[in-house]
Each structure stands twice: as structure tokens, then as C-alpha cells.
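First up is the structure itself, then whatever we jot down about it.
Each value in this text was obtained by applying a stated rule to the coordinates, not by laboratory testing. As the structure is a computational prediction, the values presented were derived from the model and not from experiment. All Cβ positions, glycine included, derive from the backbone under ideal geometry; neighbour counts span all protein chains shown.
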Amino acid sequence: MSPEPSRPIARGRRLLASRVRRSESNRNRAPRRSGDAFIEDVRLLLTKSLLPRLRAGVATLSEADVWWRPNEASNSVGNLVLHLAGNVRQWIVHGIGGEPDVRKRAGEFAARGSIRKRPLLATISRSMADAVRVLERLDPARLGDRLVIQGYRVSVQGAMLHVAEHFSYHTGQILYVVKMRSGRGLGFYAHLDASASKNVPSRRDSVSRRKPRRSKKDAAARRSGPP
């Protein structure tokens with residue numbers, strides 16, 4: 001029969017076992033915390049950054065400019081908005097949320113001025129609202145699940161990344177056309193410009209920091225050495 005460990009040794013073993021259990025518990029919780037953060041980051045990017053900028057840009061256009069295109073090889077802003085609404089609905093609402101796939105992709109590019117600006121923006125807002133409901137219910141444990149969407153085999157996380165990248169890409173195109181047609185900036189980063197201007201020294205400050213000029217008497221004193 002082996003001797004019973006002393007109290008300090010037994011206490012040390014209990015402490016080590018407790019730390020191991022706590023470490024394993026933290027390790028099991030970490031993926032869920034990071035998964036929650038990823039879902040929330042994608043949701044905020046789409047709803048608090050990209051969609052508001054898209055809406056603000058499209059709102060400045062005339063009804064004619066919404067459907068203007070430089071040539072037949074290019075898409076109008078109206079086509080791109082319909083395209084984004086269809087992509088969000090197909091990849092998140094259908095692909096991740098399991099709703100029926102009702103997308104008609106060819107129609108997104110075939111449209112030619114048939115929808116006015118207000119219902120066009122309502123279409124993208126509805127798609128985004130439905131997608132947000134899916135993301136709010138999404139269990140982070142599903143992020144690694146494999147799906148087939150639009151013929152592509154992707155993970156749930158990959159589908160979300162695709163939607164965020166795709167939305168950002170086409171929003172940039174839309175805002176470029178908006179500025180091209182209006183000739184004005186949209187001011188999305190005006191707060192950064194204002195902050196930067198505060199840190200630029202004025203001409204008066206620059207002059208005051210220059211070294212004072214020395215007189216001829218001072219120069220002669222330096223040449224003659226210390227007194």
C-alpha cells in the first residue's frame with residue numbers, strides 16, 4: 001500500500017487539477033466567443049457601414065442617373081442594387097437560413113429603369129433585414145458547417161465572408177458612379193479630415209518654432225572662442 005501524500009502535495013495536486021479544468025473550460029468557450037464576435041462584426045459591417053453608405057449615395061442621384069450606364073458592358077447603379085439584394089438573400093437567407101431560393105439573377109442585370117429609387121432602396125433594405133434575422137439566430141457552432149450555395153461548396157463562415165466582400169466591392173462601384181455623376185464627395189470621412197487638420201501646425205506656429213537669428217556680434221564672439 002503506497003503511502004498517503006502529505007497535505008502540501010495533495011493541496012498542490014488539487015490546485016493543478018483545478019487549473020487544468022479551468023483551462024479546458026476556457027478553451028471550450030473560446031471558439032464560441034470568437035464565433036459570436038465574427039458574426040457580430042459581419043452584421044455590423046453590413047448594416048452600420050456598407051448599407052447606410054449605399055443608401056446615402058443612391059439618395060443623391062436623380063431617377064435617370066440611377067439607371068445611367070457608360071456602356072452596355074457596364075452595370076447601372078440600379079442593376080447593382082438589385083444584384084446585391086439578390087446575393088444577400090440567396091447566400092444568407094436561403095443558404096444559411098434555409099429559406100426557399102427565390103433569386104432570379106439574370107433579371108438583376110436585365111432591368112432597365114423599370115424601378116424607381118425609393119422601391120429600389122426598399123428592396124435592398126428588406127433583403128438585409130431578413131439576413132440580419134438569420135445572423136442574429138445563428139449558432140456560432142455552425143460556422144464550420146458545409147453548404148452548397150449557387151453551386152459552390154462553402155462553409156457558413158465562408159458564405160458570410162463572401163457576402164461581406166461582395167457587398168463591399170459593389171458598394172464601392174456604386175459610390176464611384178455617384179461621385180462621377182454628381183461631381184461631389186460624400187463626406188464619409190470628413191471627421192478624419194477634421195481631426196487631421198487640427199494636428200497640422202499653422203504657419204504662425206511654424207514661424208514661432210524657428211531658431212532665433214543670431215546677431216553679428218554673437219557670431220564674432222563664437223569665432224573668437226570662449227571668454
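Read phi for every residue in segment 165-173 and hand back ³J(HN,Hα) as whole Hz from Karplus 6.51 cos²θ - 1.76 cosθ + 1.60, θ = phi - 60°, with x for Gly and Pro.
Couplings: 5, 5, 5, 5, 4, 6, 5, x, 5 Hz.
Can you put Ser114, Ser168 in order, fewest other beta carbons within 10 Å first?
With the fewest neighbours first, Ser114, Ser168 line up as Ser114, Ser168.
With 10 angstrom as the radius, rank Ser62, Ser76 by how many other C-beta atoms surround their C-beta, starting from the fewest.
Ser62, Ser76
Which value results when the Cα radius of gyration for segment 33-185 is divided by 2.2 N^0.38 Å?
The value comes to 1.06.
What is the set of long-range amide H partners of Ser155 at a cut-off below 5 Å, with H atoms built 1.01 Å from backbone N?
Leu147
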